[in-house]
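Laboratory data are not the source of any read-out in this text; all were calculated from the coordinates shown. Everything numeric here is computed off the predicted structure, so don't read it as measured data. Cβ atoms come from the backbone with ideal geometry, glycine included; neighbour counts cover every protein chain shown.
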Amino acid sequence: MQQSARVIYLISTFIVLFLSGVVQASISNLSQTNIFRGDTIPAQDTLLWDAHALPIDTILQRDTLPVTENDTLPEITERPAIPVVVEVEDELPASAIPWFSEEQLQNPFQLEPNFVDTNLLGFQHYDFAARSGFFRTSKGNIGHAYNLLVFDPELAPGLNMGHTSIYGHNIIRHDHLKYYRPQHVFTDLFLTIGSEREQLFQAKHTQRLHETFYLGFQYRVINSLARYFSRLASQNVNMSLTADYLSPDKRYQALGSFVINRMRNQQSGGLINPAAFEENQESDSVFLYRAESWYRDVSFNLRHFYQTGFYTGGGSDNDRRFINLGRINHDFTYSRNSFVFDENNSPYPFFDFEPVYPNSTFDSTVVHRIKNQVSWSNFPLQSGRGTFPFNFRLYLQYNINTIEQPDFPEDKPILDTLNQKIYYYDKYNYNEIVQGFELQSDQTRFLSFGGFANFTIGGYNDEDFHAGAYLNLGRPDRNYSLEGKLRVANMEAPYFYNNFRSNYITWENEFDKMQVVNLRGRLKLPWVNFEGNYFLLNNMVYFGSDALPVQNTSAFSMFSLGAYSDIEIGNFGFRNHGVYQYSTTSQFYQYPSFISYHSLYYNLVREHRVLVHQFGFDFHFNTGYKAMSWMPVTRAFYAQDEHNMRDKFLLDVFWTGKIKRARLFLKYQNILGLVFDIKPHYDIPFYPIPETMFKFGVSWMFFD
């Protein structure tokens, strides 16, 4: 029965995607252009294009309900003019507050701003993790580590610990920050409350202190007890400060950011007896009852540049010519990360390893990093008279990495004179030099291209190599474009895959370097986007079925093909997103062969735009597969091979509304449990997703 339902669902999904494209293509030829929002698939909304895919709050779309201008009937000499009812001006327009990323502010070909998302589309996806995209796993509570359902490895130079990426957008990273540039001031307050005391709060504020000087602040809190008695509470706090300065002559710019992340998650290890829990959800049987994991980091980043050069020529501005001598950049980063596993109980025998401390566990790993990068580029002065057809950048980066891990020496006492535990630590230093270059043409032209390459000398990542290139056909502001990208990497496995120490388990490995070749293509059409990925992988290191790192020494391939459509016909909207995946090996992490997200909604305007409604349904589906399990002791997902998860069918109903400068949503999550007698679903074995939960959220923006 389930197999038949899956086949029918897959066939209907592809038919819907096809018919959506046909309908959109047909209607786009009509003269009534106000039916749609214009470019229905914004350039920022990609399937798998970037390492951190699909940040929902950055999807830029035009206001689906444009404001009409004031109007009156023409004057008639025989009688006075009859006034027509005037619609209220939209106090939360889609282009109210511009913002830039760090890369945009330092890239001469990407100076077009993004804008604060003020639309209702997708507003019900309130969780910070939703910025990673629709396709991700859940442990049954917000604020926890999660895994993406689409394979997309992090290919970046430098030390990779292997654990930071599991927190995704639950933590603030410097490359995630937005530099807002309001006319005077911008504030956004966002609050969500849900069943079982779930609370999520975010406050953003940016102040313009001078004509070209902005200060920003962000504060986020997650506090949630979880639905079931499975010890999954989360208490997370994130904070960031940003500074953005540009000199009046536009020759000097400085971007500064300070970030603090504090994550405290209860760890249960999952259900011991899922069958008993499915019969009686009051039954609580988990592996760990007194365990917690903490993640803490403090980091500071300063990026600044100076444009060198001078003017020659006559005294008038028209006769002067700027001689560009390039731009000098300096990038400094300091960070301190700590990973803690704390358990006030005897260790559970997850591994065939005798714990050093038999009654409790306190494992703490601390990582200090200092990065200094100096670069030169031929970036032109923004106020200069001419520009180069392409730009290139040469850089030299020096990294200092210090790692402190627990040590358990056999020849030293583990208790002091007061019978208190003594903790020993080993310190490892890794210094490395990264040298590289980047090349980029003007991306606003019909034909654009670019490339990069870097090589690491010394340290843990000695002789790592990364390179890539891309070619784009079509302007980014047009409805048709074709993009291709190639990435190549020869790199060490993440640090914790080779070296890990804890009270539960210790290992020291010397894996060979991993080789990754990735070819990506993206086709943009007016009614649908297509995107394909091909990976050729060799010597890949992963956590095997015993939750220990292992290397697959053979070469294998992974392939994915995705489609995305977003259309509106009248007041109805239909959003579809699907990805098909295939792997040539079972000796690696497994992913569902097909995953999809669908949203059907209806727009409704009341009282001359004083209130804008949106009613709809969100549907999530993925085929059954051997989902990755979670090992709290090592803070890692691993490829279990015992349990094949069922097909996933989750349906949410939501309402969103806009009242002046406030947006609200009501959401009832996973309503199928109210209609059918179905068993709980597990994204991660065995952490049940709550059957039904109510959520309410409000966002209030202030700006002038």
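Brief remarks follow.
- Potential lengthening between SER364 and ARG197 on full extension [0.36 nm per residue; Cα-Cα distance subtracted]: 57.1 nm
- Note on ILE328 and VAL237: the model spin-label points, each 7 Å out from Cα along the C-beta direction, lie 4.1 nm apart.
- Part-to-part distance (alpha-carbon centres) for the stretch 383-432 and the stretch 593-669, which is given in Å: 38
- Proxy reagent accessibility, fewest Cβ within 10 Å first, across THR192, THR402, THR312: THR312, THR402, THR192
- Tensor-based shape of the stretch 95-153 (alpha-carbon gyration tensor, a/c under 1.5 rounded, otherwise prolate or oblate): oblate
- Contour minus Cα-Cα distance for ASP249 and ASN538 (0.36 nm per residue): 99.0 nm
- Highest average first, the peptides 180-191, 492-503 ordered by how many other beta carbon atoms sit within 10 Å of their residues are 492-503, 180-191.
- Measuring r between the beta carbons of THR402 and SER586 and using R0 = 35 Å, the FRET efficiency lands at 0.35.
- Environment charge at GLY697 (Cβ cut-off 12 Å; Lys +1, Arg +1, Asp -1, Glu -1): +1
- Given R0 = 35 Å, the distance between the Cβ atoms of GLN435 and ARG475 translates into a calculated FRET efficiency of 0.55.
- Per-residue HN-Hα couplings for the stretch 336-348 [Karplus 6.51, -1.76, 1.60; θ = phi - 60°; Hz; x = Gly/Pro]: 10, 10, 10, 10, 10, 10, 10, 9, 9, 6, 5, x, 6
- Treating r as the C-beta distance of ASP416 and PHE310 and R0 as 60 Å, the FRET efficiency rounds to 0.35.
- By average C-beta atoms within 10 angstrom, highest first, the peptides 688-699, 255-266, 639-650: 255-266, 688-699, 639-650
- Dmax and Rg, reported as Rg then Dmax, of the stretch 564-704 (C-alpha, Å): 19.2, 60
- Modelled label positions at GLU510 and PHE556, each set 7 Å beyond Cα in the direction of Cβ, lie 2.6 nm from each other.
- With a simple spin-label model that places each label point 7 Å from the Cα along the Cα-to-Cβ direction, the separation between ASN280 and ILE457 comes to 6.8 nm.
- Segments 437-445, 134-142 sorted - mean Cβ within 10 Å per residue, highest first: 134-142, 437-445
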